[in-house]
Amino acid sequence: MHFQLVQNFPFFTILLCLISAVICSVLSGKAARFVNTALLITVTVMNALVFMYVNMTGESYVYMMGHFPAPWGNEIRVGVLEAFMATFFAIIMLLSMFGGHHKLLEEVDEEKHRLYYILVNLLLSSLLALVYTNDLFTAYVFVEINTISAAGLIMIRQIGRTIEAAVRYMIMSLLGSGLLLMGICMLYDLTGHLLMSNIKEQVAILATDPNSQVPLMITITIMSVGLCIKCALFPFHAWLPDAYGYSTVSSAAMLSSLVSKGYIFLLIKIIYRVIGFDVYERSHIMNILFIFALCGMIFGSVSAIRESDIRRMIAFSSVAQIGYIFMGIGMGTKAGMVAAIFHILTHAATKSLLFIAAIGLTDVSGYSRKFYDITGAGYRNKVAGVGFLVGSLSMVGVPLFSGFISKYLFATGAIKLTGKMMPALICLAVSTILNAIYFMKTVIRIYTPDNSLHYQSVKTKDEMLYAFTMVGFIAINLLLGINSHPVVLFIEQGLEMFS
(Lines give C-alpha, C1' and ligand atoms only; values in the text may rest on other atoms or scores of the structure.)
Protein backbone atom coordinates (compact mmCIF):
# COMPACT_ATOMS: atom_id res chain seq x y z
CA MET A 1 0.00 0.00 0.00
CA HIS A 2 1.25 3.44 -0.89
CA PHE A 3 2.38 5.26 2.24
CA GLN A 4 0.29 8.38 2.71
CA LEU A 5 0.73 11.42 4.90
CA VAL A 6 -2.47 10.71 6.83
CA GLN A 7 -0.88 7.53 8.24
CA ASN A 8 1.45 9.75 10.27
CA PHE A 9 -1.38 11.64 11.93
CA PRO A 10 -1.90 9.37 14.98
CA PHE A 11 1.75 9.81 15.97
CA PHE A 12 1.63 13.53 15.13
CA THR A 13 -1.41 14.08 17.37
CA ILE A 14 0.29 12.49 20.38
CA LEU A 15 3.45 14.48 19.73
CA LEU A 16 1.50 17.71 19.23
CA CYS A 17 -0.16 17.30 22.63
CA LEU A 18 3.21 16.83 24.35
CA ILE A 19 4.76 19.78 22.51
CA SER A 20 1.73 21.98 23.31
CA ALA A 21 2.11 21.13 27.01
CA VAL A 22 5.70 22.37 26.88
CA ILE A 23 4.71 25.53 24.97
CA CYS A 24 1.91 26.32 27.44
CA SER A 25 4.44 26.29 30.30
CA VAL A 26 5.92 29.60 29.08
CA LEU A 27 2.67 31.32 28.06
CA SER A 28 0.09 33.35 29.92
CA GLY A 29 -3.21 31.76 30.89
CA LYS A 30 -5.10 33.34 27.96
CA ALA A 31 -2.45 32.31 25.45
CA ALA A 32 -2.35 28.80 26.89
CA ARG A 33 -6.13 28.58 26.48
CA PHE A 34 -5.82 29.61 22.83
CA VAL A 35 -3.12 26.97 22.24
CA ASN A 36 -5.24 24.33 23.98
CA THR A 37 -8.34 25.16 21.91
CA ALA A 38 -6.34 25.15 18.67
CA LEU A 39 -4.77 21.83 19.67
CA LEU A 40 -8.13 20.19 20.42
CA ILE A 41 -9.60 21.32 17.09
CA THR A 42 -6.47 20.20 15.19
CA VAL A 43 -6.39 16.82 16.90
CA THR A 44 -10.09 16.29 16.21
CA VAL A 45 -9.67 17.05 12.51
CA MET A 46 -6.53 14.91 12.13
CA ASN A 47 -8.10 11.92 13.85
CA ALA A 48 -11.26 12.34 11.77
CA LEU A 49 -9.12 12.19 8.62
CA VAL A 50 -7.43 9.04 9.93
CA PHE A 51 -10.85 7.50 10.59
CA MET A 52 -12.01 8.33 7.06
CA TYR A 53 -8.80 6.86 5.61
CA VAL A 54 -8.97 3.59 7.56
CA ASN A 55 -12.69 3.25 6.88
CA MET A 56 -12.03 3.77 3.16
CA THR A 57 -9.22 1.18 3.00
CA GLY A 58 -11.08 -1.30 5.19
CA GLU A 59 -7.95 -2.50 6.97
CA SER A 60 -5.73 -1.48 9.87
CA TYR A 61 -2.09 -0.50 9.60
CA VAL A 62 0.96 -0.40 11.86
CA TYR A 63 3.09 2.74 12.08
CA MET A 64 6.67 2.22 13.25
CA MET A 65 7.97 5.36 14.95
CA GLY A 66 11.34 6.20 13.43
CA HIS A 67 10.68 3.33 10.99
CA PHE A 68 12.69 1.01 13.21
CA PRO A 69 11.18 -2.43 13.89
CA ALA A 70 10.79 -3.79 17.43
CA PRO A 71 12.55 -4.08 19.80
CA TRP A 72 14.45 -0.94 18.72
CA GLY A 73 11.41 1.02 17.66
CA ASN A 74 7.90 1.52 18.93
CA GLU A 75 4.64 0.86 17.16
CA ILE A 76 1.26 2.48 16.78
CA ARG A 77 -1.60 0.38 15.45
CA VAL A 78 -4.50 2.13 13.75
CA GLY A 79 -7.85 0.57 12.89
CA VAL A 80 -11.42 1.80 12.49
CA LEU A 81 -12.22 1.52 16.20
CA GLU A 82 -9.04 3.26 17.38
CA ALA A 83 -9.49 6.20 14.98
CA PHE A 84 -13.19 6.53 15.82
CA MET A 85 -12.55 6.50 19.59
CA ALA A 86 -9.70 9.01 19.31
CA THR A 87 -11.90 11.40 17.31
CA PHE A 88 -14.78 10.99 19.74
CA PHE A 89 -12.57 11.55 22.80
CA ALA A 90 -11.14 14.75 21.28
CA ILE A 91 -14.63 16.11 20.55
CA ILE A 92 -15.84 15.37 24.08
CA MET A 93 -12.77 17.03 25.60
CA LEU A 94 -13.22 20.12 23.39
CA LEU A 95 -16.87 20.52 24.44
CA SER A 96 -15.99 19.86 28.11
CA MET A 97 -13.43 22.65 28.04
CA PHE A 98 -15.90 25.04 26.39
CA GLY A 99 -18.66 24.26 28.87
CA GLY A 100 -16.55 24.73 31.97
CA HIS A 101 -14.47 27.74 30.95
CA HIS A 102 -16.48 30.31 32.89
CA LYS A 103 -16.14 28.28 36.11
CA LEU A 104 -12.40 27.83 35.60
CA LEU A 105 -12.02 31.60 35.81
CA GLU A 106 -13.89 31.62 39.13
CA GLU A 107 -12.58 28.47 40.83
CA VAL A 108 -8.89 28.38 39.85
CA ASP A 109 -6.34 31.08 40.69
CA GLU A 110 -5.33 33.04 37.61
CA GLU A 111 -1.66 32.14 37.92
CA LYS A 112 -2.62 28.44 37.74
CA HIS A 113 -4.61 28.66 34.50
CA ARG A 114 -1.46 27.94 32.51
CA LEU A 115 -0.85 24.80 34.58
CA TYR A 116 -4.43 23.69 34.01
CA TYR A 117 -4.00 23.72 30.23
CA ILE A 118 -0.68 21.91 30.52
CA LEU A 119 -2.44 19.12 32.41
CA VAL A 120 -5.28 18.98 29.87
CA ASN A 121 -2.79 18.66 27.00
CA LEU A 122 -0.94 15.87 28.80
CA LEU A 123 -4.24 14.14 29.56
CA LEU A 124 -5.19 14.21 25.88
CA SER A 125 -1.78 12.88 24.82
CA SER A 126 -2.12 9.95 27.24
CA LEU A 127 -5.65 9.12 26.06
CA LEU A 128 -4.57 9.11 22.42
CA ALA A 129 -1.55 6.96 23.24
CA LEU A 130 -3.70 4.44 25.15
CA VAL A 131 -6.02 4.22 22.15
CA TYR A 132 -3.31 3.85 19.49
CA THR A 133 -0.28 2.16 21.06
CA ASN A 134 0.70 -1.37 20.09
CA ASP A 135 3.26 -1.67 22.88
CA LEU A 136 2.36 -2.64 26.46
CA PHE A 137 5.15 -0.75 28.20
CA THR A 138 4.35 2.42 26.26
CA ALA A 139 0.77 1.96 27.43
CA TYR A 140 1.98 1.80 31.03
CA VAL A 141 4.05 4.98 30.63
CA PHE A 142 1.01 6.89 29.37
CA VAL A 143 -1.19 5.34 32.07
CA GLU A 144 1.07 7.10 34.58
CA ILE A 145 0.96 10.36 32.63
CA ASN A 146 -2.81 10.05 32.64
CA THR A 147 -2.84 9.42 36.40
CA ILE A 148 -0.66 12.42 37.24
CA SER A 149 -2.62 14.71 34.90
CA ALA A 150 -5.98 13.61 36.35
CA ALA A 151 -4.79 14.08 39.93
CA GLY A 152 -3.54 17.56 39.05
CA LEU A 153 -6.88 18.48 37.47
CA ILE A 154 -8.64 17.44 40.69
CA MET A 155 -6.23 19.21 43.03
CA ILE A 156 -5.87 22.45 41.08
CA ARG A 157 -9.02 23.79 42.72
CA GLN A 158 -7.46 24.49 46.11
CA ILE A 159 -10.13 23.55 48.63
CA GLY A 160 -9.85 20.90 51.32
CA ARG A 161 -12.19 18.42 49.64
CA THR A 162 -10.29 18.44 46.33
CA ILE A 163 -6.92 17.93 48.01
CA GLU A 164 -8.33 15.00 49.98
CA ALA A 165 -9.98 13.62 46.84
CA ALA A 166 -6.76 13.92 44.83
CA VAL A 167 -4.76 12.09 47.51
CA ARG A 168 -7.32 9.27 47.65
CA TYR A 169 -7.35 9.13 43.86
CA MET A 170 -3.55 8.93 43.72
CA ILE A 171 -3.38 6.16 46.33
CA MET A 172 -5.96 3.98 44.58
CA SER A 173 -4.73 4.81 41.09
CA LEU A 174 -1.10 4.07 41.92
CA LEU A 175 -2.18 0.77 43.43
CA GLY A 176 -3.85 -0.05 40.11
CA SER A 177 -0.81 1.15 38.14
CA GLY A 178 1.49 -0.97 40.29
CA LEU A 179 -0.56 -4.09 39.67
CA LEU A 180 -0.65 -3.32 35.94
CA LEU A 181 3.14 -2.89 35.83
CA MET A 182 3.61 -6.11 37.78
CA GLY A 183 1.40 -7.93 35.30
CA ILE A 184 3.30 -6.47 32.33
CA CYS A 185 6.63 -7.55 33.84
CA MET A 186 5.31 -11.08 34.43
CA LEU A 187 3.93 -11.22 30.89
CA TYR A 188 7.28 -10.06 29.50
CA ASP A 189 9.01 -12.75 31.54
CA LEU A 190 6.64 -15.37 30.13
CA THR A 191 6.68 -14.26 26.49
CA GLY A 192 9.82 -12.16 25.99
CA HIS A 193 7.86 -9.48 24.12
CA LEU A 194 6.22 -6.11 24.74
CA LEU A 195 4.49 -5.64 21.38
CA MET A 196 0.87 -6.71 21.66
CA SER A 197 0.77 -8.81 18.50
CA ASN A 198 3.95 -10.70 19.44
CA ILE A 199 2.69 -11.35 22.98
CA LYS A 200 -0.57 -12.77 21.64
CA GLU A 201 1.31 -15.34 19.54
CA GLN A 202 3.28 -16.51 22.58
CA VAL A 203 0.24 -16.51 24.87
CA ALA A 204 -1.57 -18.81 22.43
CA ILE A 205 1.31 -21.28 22.79
CA LEU A 206 1.51 -20.90 26.60
CA ALA A 207 -2.23 -21.50 26.96
CA THR A 208 -1.75 -25.03 25.63
CA ASP A 209 1.12 -25.79 28.04
CA PRO A 210 -0.16 -27.18 31.41
CA ASN A 211 2.93 -25.86 33.22
CA SER A 212 2.34 -22.29 32.03
CA GLN A 213 -1.37 -21.99 32.66
CA VAL A 214 -1.15 -21.04 36.36
CA PRO A 215 1.41 -18.20 35.92
CA LEU A 216 -0.51 -17.01 32.85
CA MET A 217 -3.75 -16.99 34.85
CA ILE A 218 -2.12 -15.02 37.68
CA THR A 219 -0.70 -12.51 35.21
CA ILE A 220 -4.04 -11.94 33.49
CA THR A 221 -5.77 -11.54 36.87
CA ILE A 222 -3.24 -9.00 38.17
CA MET A 223 -3.48 -6.85 35.03
CA SER A 224 -7.28 -6.99 35.03
CA VAL A 225 -7.58 -6.04 38.72
CA GLY A 226 -5.12 -3.16 38.23
CA LEU A 227 -7.18 -1.67 35.41
CA CYS A 228 -10.46 -2.29 37.26
CA ILE A 229 -9.14 -0.24 40.20
CA LYS A 230 -8.23 2.59 37.86
CA CYS A 231 -11.66 2.41 36.18
CA ALA A 232 -13.46 2.61 39.59
CA LEU A 233 -15.31 -0.64 39.07
CA PHE A 234 -17.24 -1.69 42.20
CA PRO A 235 -15.89 -2.26 44.88
CA PHE A 236 -12.86 -0.09 43.96
CA HIS A 237 -14.93 3.09 43.55
CA ALA A 238 -14.47 4.82 46.94
CA TRP A 239 -12.32 7.61 45.49
CA LEU A 240 -14.76 8.51 42.70
CA PRO A 241 -17.58 10.62 44.28
CA ASP A 242 -15.30 13.26 45.80
CA ALA A 243 -12.99 13.37 42.78
CA TYR A 244 -15.88 14.02 40.39
CA GLY A 245 -18.04 15.94 42.84
CA TYR A 246 -15.65 18.68 43.98
CA SER A 247 -13.23 19.31 41.09
CA THR A 248 -13.83 22.06 38.52
CA VAL A 249 -16.69 21.34 36.14
CA SER A 250 -14.40 20.76 33.12
CA SER A 251 -12.27 18.40 35.21
CA ALA A 252 -15.34 16.49 36.39
CA ALA A 253 -16.64 16.22 32.82
CA MET A 254 -13.31 14.93 31.49
CA LEU A 255 -12.58 12.62 34.42
CA SER A 256 -16.00 10.96 34.31
CA SER A 257 -16.33 10.70 30.55
CA LEU A 258 -12.77 10.13 29.31
CA VAL A 259 -10.18 9.06 31.88
CA SER A 260 -11.86 5.86 33.04
CA LYS A 261 -12.88 5.10 29.43
CA GLY A 262 -9.25 5.24 28.31
CA TYR A 263 -8.42 2.51 30.84
CA ILE A 264 -11.43 0.44 29.81
CA PHE A 265 -10.41 0.71 26.16
CA LEU A 266 -6.90 -0.43 27.10
CA LEU A 267 -8.40 -3.44 28.90
CA ILE A 268 -10.42 -4.30 25.78
CA LYS A 269 -7.23 -4.08 23.70
CA ILE A 270 -5.48 -6.40 26.15
CA ILE A 271 -8.37 -8.88 25.95
CA TYR A 272 -8.32 -8.96 22.15
CA ARG A 273 -4.78 -8.09 21.11
CA VAL A 274 -2.59 -9.29 24.00
CA ILE A 275 -4.23 -12.26 25.68
CA GLY A 276 -6.66 -13.28 22.98
CA PHE A 277 -10.43 -13.33 23.51
CA ASP A 278 -10.69 -17.12 23.75
CA VAL A 279 -7.82 -17.42 26.25
CA TYR A 280 -9.23 -14.57 28.37
CA GLU A 281 -12.68 -16.17 28.38
CA ARG A 282 -11.27 -19.53 29.48
CA SER A 283 -9.56 -17.85 32.45
CA HIS A 284 -13.06 -17.19 33.96
CA ILE A 285 -12.03 -13.64 34.90
CA MET A 286 -14.94 -12.40 32.79
CA ASN A 287 -17.30 -14.13 35.22
CA ILE A 288 -15.79 -12.20 38.15
CA LEU A 289 -16.01 -8.93 36.20
CA PHE A 290 -19.64 -9.76 35.43
CA ILE A 291 -20.51 -10.21 39.12
CA PHE A 292 -18.73 -7.00 40.18
CA ALA A 293 -20.45 -5.16 37.31
CA LEU A 294 -23.94 -6.23 38.40
CA CYS A 295 -23.17 -5.21 41.99
CA GLY A 296 -21.88 -1.84 40.79
CA MET A 297 -25.02 -1.22 38.71
CA ILE A 298 -27.24 -1.65 41.77
CA PHE A 299 -24.98 -0.16 44.45
CA GLY A 300 -24.12 2.93 42.40
CA SER A 301 -27.79 3.60 41.70
CA VAL A 302 -28.82 3.11 45.35
CA SER A 303 -26.03 5.45 46.49
CA ALA A 304 -27.15 8.06 43.95
CA ILE A 305 -30.72 7.92 45.28
CA ARG A 306 -29.48 8.58 48.82
CA GLU A 307 -27.52 11.69 47.81
CA SER A 308 -28.83 15.21 48.42
CA ASP A 309 -25.98 16.84 46.44
CA ILE A 310 -26.62 16.98 42.70
CA ARG A 311 -22.99 16.63 41.64
CA ARG A 312 -22.29 13.72 43.98
CA MET A 313 -25.48 12.10 42.70
CA ILE A 314 -24.13 12.32 39.13
CA ALA A 315 -20.78 10.98 40.36
CA PHE A 316 -22.39 7.92 42.00
CA SER A 317 -24.32 7.40 38.77
CA SER A 318 -20.94 6.87 37.09
CA VAL A 319 -20.33 3.87 39.35
CA ALA A 320 -23.51 2.32 37.97
CA GLN A 321 -22.66 3.22 34.37
CA ILE A 322 -19.17 1.73 34.64
CA GLY A 323 -20.95 -1.37 35.92
CA TYR A 324 -22.97 -1.43 32.68
CA ILE A 325 -19.78 -1.36 30.60
CA PHE A 326 -18.16 -4.17 32.57
CA MET A 327 -21.38 -6.19 32.39
CA GLY A 328 -21.00 -6.11 28.61
CA ILE A 329 -17.36 -7.18 28.86
CA GLY A 330 -18.25 -9.86 31.40
CA MET A 331 -20.85 -11.37 29.08
CA GLY A 332 -17.94 -12.86 27.16
CA THR A 333 -19.60 -12.47 23.76
CA LYS A 334 -19.13 -10.22 20.75
CA ALA A 335 -22.61 -8.75 21.30
CA GLY A 336 -21.72 -7.88 24.91
CA MET A 337 -18.47 -6.25 23.86
CA VAL A 338 -20.24 -4.17 21.17
CA ALA A 339 -22.76 -3.02 23.79
CA ALA A 340 -19.94 -2.16 26.22
CA ILE A 341 -18.08 -0.05 23.65
CA PHE A 342 -21.25 1.71 22.56
CA HIS A 343 -21.99 2.53 26.20
CA ILE A 344 -18.51 4.04 26.50
CA LEU A 345 -19.65 6.53 23.85
CA THR A 346 -23.04 7.03 25.49
CA HIS A 347 -21.58 7.61 28.93
CA ALA A 348 -18.86 9.95 27.65
CA ALA A 349 -21.36 12.19 25.87
CA THR A 350 -24.08 12.08 28.52
CA LYS A 351 -22.10 12.35 31.74
CA SER A 352 -20.21 15.41 30.50
CA LEU A 353 -23.56 16.95 29.55
CA LEU A 354 -24.97 16.26 33.03
CA PHE A 355 -22.00 17.73 34.92
CA ILE A 356 -21.93 20.90 32.81
CA ALA A 357 -25.72 21.27 32.97
CA ALA A 358 -25.62 20.79 36.75
CA ILE A 359 -23.17 23.65 37.21
CA GLY A 360 -25.51 25.92 35.24
CA LEU A 361 -28.35 24.96 37.58
CA THR A 362 -26.34 25.52 40.76
CA ASP A 363 -25.05 28.89 39.53
CA VAL A 364 -28.63 30.24 39.52
CA SER A 365 -29.41 28.65 42.89
CA GLY A 366 -27.06 30.61 45.10
CA TYR A 367 -24.22 28.24 44.12
CA SER A 368 -25.86 25.59 46.30
CA ARG A 369 -25.78 21.96 45.14
CA LYS A 370 -28.52 20.77 47.50
CA PHE A 371 -31.76 19.53 45.92
CA TYR A 372 -33.94 21.87 47.96
CA ASP A 373 -32.08 24.92 46.67
CA ILE A 374 -32.19 23.97 42.97
CA THR A 375 -36.01 23.99 42.96
CA GLY A 376 -37.12 25.81 39.80
CA ALA A 377 -33.55 26.15 38.48
CA GLY A 378 -34.67 24.85 35.08
CA TYR A 379 -36.66 28.05 34.64
CA ARG A 380 -33.85 30.32 35.83
CA ASN A 381 -31.33 28.74 33.42
CA LYS A 382 -33.32 27.28 30.56
CA VAL A 383 -30.32 26.00 28.60
CA ALA A 384 -28.95 24.09 31.58
CA GLY A 385 -32.43 22.76 32.38
CA VAL A 386 -32.91 21.35 28.88
CA GLY A 387 -29.39 19.89 28.94
CA PHE A 388 -30.00 18.13 32.25
CA LEU A 389 -33.38 16.86 31.02
CA VAL A 390 -31.83 15.35 27.87
CA GLY A 391 -28.97 13.80 29.85
CA SER A 392 -31.40 12.32 32.37
CA LEU A 393 -33.65 10.86 29.67
CA SER A 394 -30.62 9.31 28.01
CA MET A 395 -29.34 7.74 31.24
CA VAL A 396 -32.80 6.33 32.00
CA GLY A 397 -32.97 4.83 28.50
CA VAL A 398 -35.79 6.75 26.83
CA PRO A 399 -36.06 6.14 23.04
CA LEU A 400 -34.42 8.65 20.66
CA PHE A 401 -31.46 9.07 23.03
CA SER A 402 -28.17 7.17 23.11
CA GLY A 403 -28.86 5.52 26.47
CA PHE A 404 -31.82 3.66 24.97
CA ILE A 405 -29.60 2.08 22.31
CA SER A 406 -27.07 1.05 24.97
CA LYS A 407 -29.71 -0.70 27.06
CA TYR A 408 -31.23 -2.30 23.98
CA LEU A 409 -27.82 -3.69 23.00
CA PHE A 410 -27.22 -4.98 26.54
CA ALA A 411 -30.65 -6.62 26.64
CA THR A 412 -30.32 -8.31 23.24
CA GLY A 413 -26.81 -9.45 24.15
CA ALA A 414 -28.02 -10.87 27.48
CA ILE A 415 -30.84 -12.86 25.84
CA LYS A 416 -28.26 -14.93 23.94
CA LEU A 417 -26.34 -15.87 27.11
CA THR A 418 -26.44 -19.22 28.86
CA GLY A 419 -26.38 -18.99 32.64
CA LYS A 420 -25.97 -15.20 32.76
CA MET A 421 -29.19 -14.19 31.02
CA MET A 422 -31.49 -13.84 34.04
CA PRO A 423 -29.02 -12.02 36.35
CA ALA A 424 -28.14 -9.61 33.53
CA LEU A 425 -31.74 -8.85 32.57
CA ILE A 426 -32.92 -8.52 36.18
CA CYS A 427 -30.08 -6.15 37.15
CA LEU A 428 -30.58 -4.20 33.92
CA ALA A 429 -34.27 -3.73 34.72
CA VAL A 430 -33.72 -2.89 38.40
CA SER A 431 -30.91 -0.45 37.59
CA THR A 432 -33.08 1.26 34.96
CA ILE A 433 -35.87 1.74 37.51
CA LEU A 434 -33.39 3.13 40.04
CA ASN A 435 -31.95 5.44 37.36
CA ALA A 436 -35.45 6.75 36.70
CA ILE A 437 -36.00 7.38 40.41
CA TYR A 438 -32.99 9.63 41.01
CA PHE A 439 -32.80 11.33 37.62
CA MET A 440 -36.51 12.02 37.24
CA LYS A 441 -36.67 13.15 40.87
CA THR A 442 -34.06 15.77 40.01
CA VAL A 443 -35.80 16.78 36.77
CA ILE A 444 -39.08 17.24 38.64
CA ARG A 445 -37.25 19.30 41.25
CA ILE A 446 -35.64 21.69 38.75
CA TYR A 447 -38.97 22.15 36.94
CA THR A 448 -41.06 22.66 40.07
CA PRO A 449 -42.03 26.38 40.06
CA ASP A 450 -40.35 28.36 42.82
CA ASN A 451 -42.41 31.46 43.61
CA SER A 452 -39.86 32.93 45.99
CA LEU A 453 -37.62 35.77 44.87
CA HIS A 454 -34.63 34.35 46.73
CA TYR A 455 -32.92 33.20 43.53
CA GLN A 456 -33.04 35.09 40.27
CA SER A 457 -32.04 34.28 36.73
CA VAL A 458 -28.48 35.47 36.20
CA LYS A 459 -26.35 35.91 33.13
CA THR A 460 -23.12 33.95 33.17
CA LYS A 461 -19.84 34.71 31.46
CA ASP A 462 -19.43 33.03 28.07
CA GLU A 463 -23.17 32.44 27.90
CA MET A 464 -23.07 31.78 24.15
CA LEU A 465 -20.19 29.33 24.54
CA TYR A 466 -22.08 27.51 27.29
CA ALA A 467 -25.19 27.27 25.09
CA PHE A 468 -23.06 25.98 22.19
CA THR A 469 -21.66 23.28 24.48
CA MET A 470 -25.13 22.19 25.55
CA VAL A 471 -26.32 22.03 21.94
CA GLY A 472 -23.22 20.07 20.96
CA PHE A 473 -23.69 17.43 23.65
CA ILE A 474 -27.42 17.14 22.96
CA ALA A 475 -26.71 16.73 19.23
CA ILE A 476 -24.21 13.92 19.91
CA ASN A 477 -26.74 12.20 22.16
CA LEU A 478 -29.47 12.39 19.56
CA LEU A 479 -27.10 11.34 16.78
CA LEU A 480 -26.07 8.22 18.70
CA GLY A 481 -29.71 7.51 19.56
CA ILE A 482 -31.28 8.06 16.14
CA ASN A 483 -28.43 7.01 13.84
CA SER A 484 -26.82 4.26 15.91
CA HIS A 485 -26.59 1.61 13.19
CA PRO A 486 -23.44 2.99 11.46
CA VAL A 487 -21.74 3.40 14.86
CA VAL A 488 -22.52 -0.20 15.79
CA LEU A 489 -21.12 -1.32 12.42
CA PHE A 490 -17.92 0.66 13.05
CA ILE A 491 -17.56 -1.02 16.44
CA GLU A 492 -18.13 -4.48 14.98
CA GLN A 493 -15.68 -3.79 12.16
CA GLY A 494 -13.12 -2.50 14.66
CA LEU A 495 -13.41 -5.61 16.81
CA GLU A 496 -12.89 -7.75 13.71
CA MET A 497 -9.70 -5.78 12.99
CA PHE A 498 -8.60 -6.31 16.62
CA SER A 499 -8.76 -10.05 16.12
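Tell me, what does the Kirkwood hydrodynamic radius of the stretch 164-215 come to in angstroms if you use every pair of distinct C-alpha atoms? If you can, show how the numbers build up before the last one.
On the way: mean 1/r = 0.0790 Å⁻¹.
Roughly 12.7 Å, rounded to one decimal.
Divide by every residue of the chain the summed helix terms, -39500 (n - 2.57) for each DSSP H run of at least 4, and state the resulting mean residue ellipticity at 222 nm, rounded to the nearest 500 deg cm²/dmol. Kindly include the intermediate steps, with their values, before the conclusion.
Values: 22 runs with 370 residues, N = 499.
Using -39500 (n - 2.57) per qualifying helix, the result is -25000 deg cm²/dmol.
Per residue, what accessible area does the stretch 142-292 have, given a 1.4 Å probe and all protein chains present, in Å²? List each step's numbers first, then the result.
On the way: 5030 Å² over 151 residues.
Solvent-accessible surface per residue comes out at 33 Å².
More than 23 angstrom separation, counting every C-alpha pair in the stretch 298-401; what % is that? Please report the intermediate quantities before stating the final value.
Numbers: 1637 of 5356 pairs.
Of all Cα-Cα pairs in the stretch 298-401, 31 percent lie more than 23 Å apart.
When Rg is the radius of gyration of the Cα atoms in the stretch 343-499 and Rh is its Kirkwood radius, what does Rg/Rh come to? The partial results should precede the final answer.
Values: Rg = 18.0 Å, Rh = 17.0 Å.
For the stretch 343-499, the value is 1.06.
Restrict the search to the stretch 348-450; then list the chymotrypsin sites (Phe, Trp or Tyr not before Pro) that DSSP places in a loop and that have at most 13 other Cβ atoms within 10 Å of their Cβ.
Tyr367, Tyr372
Distance between Cα centroids, the stretch 172-226 to the stretch 106-157: provide it in whole Å.
About 26 Å separates the Cα centre of the stretch 172-226 from the one of the stretch 106-157.
Share of the stretch 248-289's accessible area from carbon and sulfur, percent, 1.4 Å? Walk me through the numbers before you get to the answer.
Working: 440 of 770 Å².
Solvent-exposed carbon and sulfur of the stretch 248-289 make up 57 percent of the total.
When DSSP assigns beta bridges and you keep just the ones with both residues in the chain, what percent turn out antiparallel, to the nearest 5? Before the final figure, lay out each step's value.
Values: 8 of 8 bridges.
The antiparallel fraction comes to roughly 100 percent.
Give me Rg over Rh for the stretch 1-128, both radii from the alpha carbons and Rh done the Kirkwood way, two decimal places.
Numbers: Rg = 16.2 Å, Rh = 15.6 Å.
Taking Rh as the inverse mean 1/r over Cα pairs, Rg/Rh reads 1.04.
Counting only heavy atoms of protein chains, what accessible area per residue, in Å², does the stretch 329-408 have with a probe of 1.4 Å? If you can, show how the numbers build up before the last one.
Values: 1930 Å² over 80 residues.
Here the per-residue accessible area is 24 Å².
What does the charge count around Thr57 come to, taking other residues whose C-beta lies under 15 Å from its C-beta (Lys +1, Arg +1, Asp -1, Glu -1)? Each step should come with its number before you reach the end.
On the way: positive: Arg77; negative: Glu59, Glu82, Glu496.
After counting each charged neighbour, the total is -2.
Return an integer: the convex hull volume of the alpha-carbon atoms of the chain, in Å³ per residue.
Values: hull volume 64.2 nm³, N = 499.
For the chain, the hull spanned by Cα atoms encloses 129 Å³ per residue.
What are the ³J(HN,Hα) couplings of the stretch 261-276, residue after residue, when phi is run through the Karplus curve with 6.51, -1.76, 1.60 and θ = phi - 60°? Round to Hz, x for glycine and proline.
6, x, 5, 5, 5, 4, 4, 5, 5, 5, 4, 8, 9, 10, 8, x
Just to confirm the number: angle between the C-alpha axis of helix 310-330 and the first principal axis of the chain, 0 to 90 degrees, nearest 10?
Result, in degrees: 20.
Considering only protein heavy atoms and a 1.4 Å probe, what is the carbon-and-sulfur percentage of the accessible area of the stretch 370-499?
Numbers: 4580 of 6400 Å².
Carbon plus sulfur share of accessible area: 72 percent.
Compute, for the stretch 161-272, the length of the dipole vector about the Cα centre, with Cβ point charges of +1 (Lys, Arg) and -1 (Asp, Glu) only. Units Debye, rounded to 20.
Numbers: 6 positive and 5 negative charges, 60 e Å.
Once rounded to the nearest 20, the dipole reads 280 debye.
How much of Val430 can a 1.4 Å solvent probe reach, expressed as accessible area in Å² and rounded to 10?
Roughly 60 Å² of Val430 is accessible to a 1.4 Å probe.
Angle between the Cα long axis of helix 402-415 and the longest principal axis of the chain, 0 to 90 degrees, nearest 10?
40
Rounding to the nearest 20 debye, state how big the charge dipole of the stretch 217-335 is about its Cα centre with +1 on each Lys and Arg Cβ and -1 on each Asp and Glu Cβ. Walk me through the intermediate numbers first.
Numbers: 9 positive and 5 negative charges, 42 e Å.
So the dipole magnitude of the stretch 217-335 works out to roughly 200 debye.
Please give the direction-averaged projected area of the C-alpha convex hull for the stretch 221-380, in square nanometres with one decimal.
Details: hull surface 35.7 nm².
Mean shadow area of the hull around the Cα atoms is 8.9 nm².
With point charges of +1 on the Cβ of Lys and Arg and -1 on the Cβ of Asp and Glu, referenced to the Cα centre of the stretch 216-333, which listed residue (Ile322, Ser260, Cys295) lies farthest in the positive direction of the dipole?
Ser260
Along the stretch 177-193, what does the Karplus equation 6.51 cos²θ - 1.76 cosθ + 1.60 (θ = phi - 60°) give for ³J(HN,Hα), rounded to whole Hz, x for Gly and Pro?
Listing the rounded values in order: 4, x, 5, 4, 5, 4, x, 5, 4, 5, 5, 5, 5, 6, 10, x, 9 Hz.
With just the Cα atoms defining each centre, how far is the stretch 338-360 from the stretch 373-429? Give it in Å.
What the calculation gives is 10 Å, centre to centre.
Counting only other residues whose beta carbon sits under 14 Å from that of Val338, what net charge do I get with K and R as +1, D and E as -1?
On the way: positive: Lys334, Lys407, Lys416; negative: Glu492, Glu496.
Residues near Val338 contribute +1 overall.
Rounded to a whole number of µm²/s, how large is the Stokes-Einstein D of the stretch 269-316 at 10 °C and 1.306 mPa s, given Rh as the Kirkwood radius over C-alpha pairs? Working shown, then result.
Details: Rh = 12.7 Å.
The diffusion coefficient I find is 125 µm²/s.
If you place +1 on the Cβ of every Lys and Arg and -1 on the Cβ of every Asp and Glu, how big does the dipole about the Cα centre of the chain come out, in debye to the nearest 20? Write out the running numbers ahead of the final one.
Working: 31 positive and 26 negative charges, 209 e Å.
Computed about the Cα centre, the dipole is about 1000 debye.
Rounded to the nearest 10 degrees, what's the angle between the helix 484-498 long axis and the longest principal axis of the chain, both from Cα atoms, 0 to 90?
30
Out of Ile491, Leu409, Ser365, whose Cα points farthest toward the positive end of the dipole of the stretch 348-499 (charges: +1 Lys, Arg; -1 Asp, Glu; placed on Cβ)?
Ser365
The values are calculated or read from the model by the stated rules, or taken from the named source; none is laboratory data. These numbers were taken from a predicted model, which means no experiment stands behind them. Using ideal geometry, Cβ is built from the backbone for each residue, glycine included, and neighbour counts are taken over all protein chains shown. The area values use the complete protein model at the heavy-atom level, side chains included, leaving out ligands, DNA and RNA. Shrake-Rupley method; radii C 1.70, N 1.55, O 1.52, S 1.80 Å.
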